[in-house]
Amino acid sequence: MDRKLLALAGPIGGRIAVSVALGLLVTVGYVLQGLFLSFALAEIFRDAPEAEIVKWIAASVAVVAARGVFVWLTEIAALKTASRTKGYLRERLLQKLIDLGPGSLMRRRTGDLQTAIVGGVEALEAYYARYLPAIFVALIGCTGVILCLASVDRVSALLLAAFVVALPIADRLWLRWRMPKSSGIFVAMGAFAAYLLDSLQGIVTLKAFDASARRRAELAEHAEVLRRESMSTLSVTLMRTGLTGLISLGGVAVVLAVDAWRVAAGELAPLALFMTLLLAREAFRPLDRLEKAFHTAWTASGAAAPIMELLAETSPVQDPPAPAVRPSTWDIAFDHVTFAYSPDEAPALRSASFSVANQGLVALVGPSGAGKSTVVGLLLRFFDPQAGSIRIGGTDIRALSRADLRGLISVVSQETYLFHGSIEENLRIAKPAATEQEIRAAARIAQIDGFISGLPQGYATPVGERGAHLSGGQRQRLAIARAVLKDAPILLLDEATSSVDPASERAIQHALSEIAKRRTTLVIAHRLSTIRNADRILVLEDGAVREQGRHDDLIRSGGLYSRLVFAQGEAA
Ligand code: ADP
């Protein structure tokens, strides 16, 4: 039993107790069946009247029927415990993932997370629902059967007990000696699943670069590792079944041989022999079940590691114990902000200072890797800076609750994620209680209402798994409609106009300038032509603010900005 695994499942003591009680009733059923049959046998040997014999046989048939009911109930109890623990664990994990936020999750592979959350939880379920109860049933059940036998004949009970104790010990030694590390197979399974998911997600790229053959070969390698891990486990497990089978059958045989000899010598009544015969087998039955359940537990110990690791991870940002009230003006100030994604990486922002006036518009420009997206990530508090502070309306954003902070900000990012569902559902994410009119009005401002209304199913049109049926420009306009619906006072725009046709671009620009009015807006601009009118342009390079000012002034000073504009002009 693993204490950490126990703590993971939450309060399931009661359910396990029910499973144990039912499991013990099943064991009692087997014992009674054995006892009644041995009584029947003894009566036969005694030449008792038929009615006496039939009585015991009838009793054992009744016990078999009752046992069937208990087996069925045990199964139901196990399924209930399983679904309870699965639900509990999934909820905890999901809560954790949401709490950790994109800051931590970006560093993980989606496939690995999926294996932990789906496969891991699935593997753990059997541990709680079957293995844990089986341990108690084995402990109590075996002791009970041996005590029962001891009341009939001490010698047989002692002999049997020796084998019953030897079995788990031999089993343990064997496993310690031969069994590969439990995590091996799980790691291999995770790697295979993650690679497969990655390949599926990237299938268009793979085809386009004709790289599927290579990818397939690599996938086959992962599958081969998984096969090797499984086979090595399987061979050990099979040998183990042989070993435990040898001990349990050997135990029964030895006890019977000794008893048969004692009966022949007149030291033991035939009834005791029959009882030993039928009870000895029952003493091993709970161990048998435990052995079967063990395999699941062993997988679980490998599955639990990534889950526990995930649960132990602390969010890079925490809510303050007593959050400040939401600010009522929305100017943004970065004050000597320094931030590195990890201690051994160069900072993505170096002592960056700038401000955006309330309802002002500031554009961030700079070569790729300059730190523009990092500014957005910090403002949304996916991370906290290592030095300096970020304030909104004079309040340090670390003093606000994360929910309040994110309520203040709408984001239109380059990558618009559309969830599986209808267009309307995707818009509602921004404001679940929005009326139909509000949704349409937002879509109109985002210049996408015409397109949506023209679709056969209108707003109920489903978007593909990753919004594959919509063009880049349409997706961006949906993102803008979401921002309009959310109606937050601060707007972060990560411009993605470069992938859009000129007509869409004009529509998007129009929509954006419409919603940027009366809002504090920070634009990450990739096309420098679109930000001529910004109140201020910040030029970032290597995480530092190199220049700032209006377009004309920056051009005149002939610095980095003018070179960037010149380069884009050349390219166009
Ligand atoms: P930009 O948006 O201007 O292209 P970014 O803010 O994305 O620049 O990146 C700034 C620097 O931080 C780059 O050196 C980039 O490699 C690094 N960086 C960005 N995101 C991460 C991340 N999630 N983990 C580690 N480093 C990152």
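What is the dipole size for the chain, taken about its Cα centre, with +1 at each Lys and Arg Cβ and -1 at each Asp and Glu Cβ, in debye to the nearest 20?
Result for the chain is approximately 340 debye, rounded to the nearest 20.
Go through segment 429-486 and name the GluC sites (Glu not before Pro) that are in a DSSP coil and have 13 or fewer other Cβ atoms within 10 Å of their Cβ.
Hits after loop and neighbour filter: Glu465.
How long are the semi-axes of the equivalent ellipsoid of segment 255-301, taking √(5λ) for every eigenvalue λ of the Cα gyration tensor, in whole Å from largest down?
After scaling each eigenvalue by five and taking roots: 36, 9, 5 Å.
How do the peptides 227-236, 522-531 rank, highest first, by the average count of neighbouring beta carbon atoms within 10 Å per residue?
522-531, 227-236
What is the projected area of the convex hull of the Cα atoms of segment 386-476, averaged over all directions, in nm²?
Averaging across all directions leaves 7.9 nm² for the Cα convex hull.
State the answer as a single residue: which of Gly251, Leu35, Gly360 lies farthest towards the positive end of the charge dipole of the chain, with beta carbon charges of +1 for Lys and Arg and -1 for Asp and Glu, about the Cα centre.
Gly360
Distance between the C-alpha centers of segment 349-380 and segment 407-432? Whole Å please.
Taking the Cα centre of segment 407-432 as reference, the centre of segment 349-380 is 23 Å away.
When all protein chains stay in place, what accessible area (Å², nearest 10, 1.4 Å probe) is found for Glu505?
30 Å²
How big, on average over all directions, is the shadow cast by the Cα convex hull of segment 1-124, in nm²?
10.3 nm²
Figure the gain on full extension for Ile140 and Arg444 (residue separation times 0.36 nm, minus the Cα-Cα span) and round it to one decimal in nm.
Extra length available between Ile140 and Arg444 comes to 102.4 nm.
Using 7 Å Cα-to-Cβ label points, what is the Arg550/Leu175 separation (nm, one decimal)?
Distance between the two pseudo-spin positions: 7.6 nm.
What part of the accessible area of segment 20-141, given as a whole %, is carbon or sulfur when the probe is 1.4 angstrom?
Here carbon and sulfur together make up 69 percent of the probe-accessible area.
Keeping every protein chain present and rolling a 1.4 Å probe, give me the accessible area per residue for the chain in Å².
50 Å²
Please work out the FRET efficiency for the pair Ala357 and Arg527, using the Cβ-Cβ distance as r and a Förster radius of 22 Å; give the result to the nearest 0.05.
The formula returns an efficiency of 0.40 here.
Can you tell me the order of 26-39, 355-368 when each peptide is scored by its average per-residue count of other Cβ atoms within 10 angstrom, highest first?
Ranked by mean Cβ neighbours within 10 Å, highest first: 26-39, 355-368.
Compare the Cα positions of His222, Phe209, Leu167 along the charge dipole of segment 161-240 (+1 at Cβ of Lys, Arg; -1 at Cβ of Asp, Glu; about the Cα centre) and return the one farthest towards the positive end.
Leu167
For the chain, what are the DSSP H helices with axial Cα length of 30 Å or more and mean Kyte-Doolittle hydropathy of at least 0.0?
Span-like helices here: 13-45, 50-105, 132-152, 154-178, 212-264, 270-312.
Can you compute the modelled spin-label distance between Ser401 and Ala567, with each label point 7 Å from Cα toward Cβ, in nm?
Reported label-point gap for Ser401 and Ala567 is 4.5 nm.
Segment 397-441: percent of C-alpha pairs farther apart than 13 Å?
The answer is 66 percent, as a whole percent.
If eta is 0.890 mPa s and T is 25 °C, what Stokes-Einstein diffusion coefficient results for segment 253-406, Kirkwood Rh from Cα pairs, in µm²/s?
For these conditions, the coefficient is 112 µm²/s.
For Met308 and Ile44 in one chain, what is 0.36 nm times their gap in residues minus the Cα-Cα distance, to one decimal in nm?
Full extension of this stretch gives 89.1 nm more.
Segment 105-146 to segment 78-100: how many Å between their Cα centroids?
After rounding, the separation between the Cα centres reads 13 Å.
Relative to 2.2 N^0.38 Å, what does the C-alpha radius of gyration of the chain come to as a ratio? Two decimals please.
Dividing the Cα Rg of the chain by 2.2 N^0.38 Å gives 1.42.
May I ask for the distance between the Cα centers of segment 287-316 and segment 241-283, given as a whole number of Å?
Comparing the Cα centres of segment 287-316 and segment 241-283, I get a distance of 38 Å.
Quick check: with the 1.4 Å probe, what order do Lys517, Lys207 take by accessible area, largest first?
Lys207, Lys517
Glu218 versus Lys4, label points 7 Å from Cα toward the beta carbon: distance in nm?
Roughly 3.0 nm, to one decimal.
List the residues whose amide H sits under 5 Å from the amide H of Asp494, counting only those 5 or more places along or on another chain, with H placed 1.01 Å from N in the peptide plane.
Here the answer is Val412, Ser413, Gln414, Ile524, since their amide H atoms fall under 5 Å of that of Asp494.
So what's segment 273-336 giving for Rg/Rh, alpha carbon basis, Kirkwood Rh from the mean inverse pair distance?
Rounded to two decimals, Rg over Rh is 1.57.
The values are calculated or read from the model by the stated rules, or taken from the named source; none is laboratory data. What you see is a predicted model; the values in this text were computed from it and never measured. Every residue, glycine as well, gets a Cβ built from its backbone with ideal geometry; the counts of neighbours run over all protein chains shown. When the accessible area is computed, the model is the full protein with side chains, heavy atoms only, and any ligands, DNA or RNA have been set aside. Shrake-Rupley method; radii C 1.70, N 1.55, O 1.52, S 1.80 Å.
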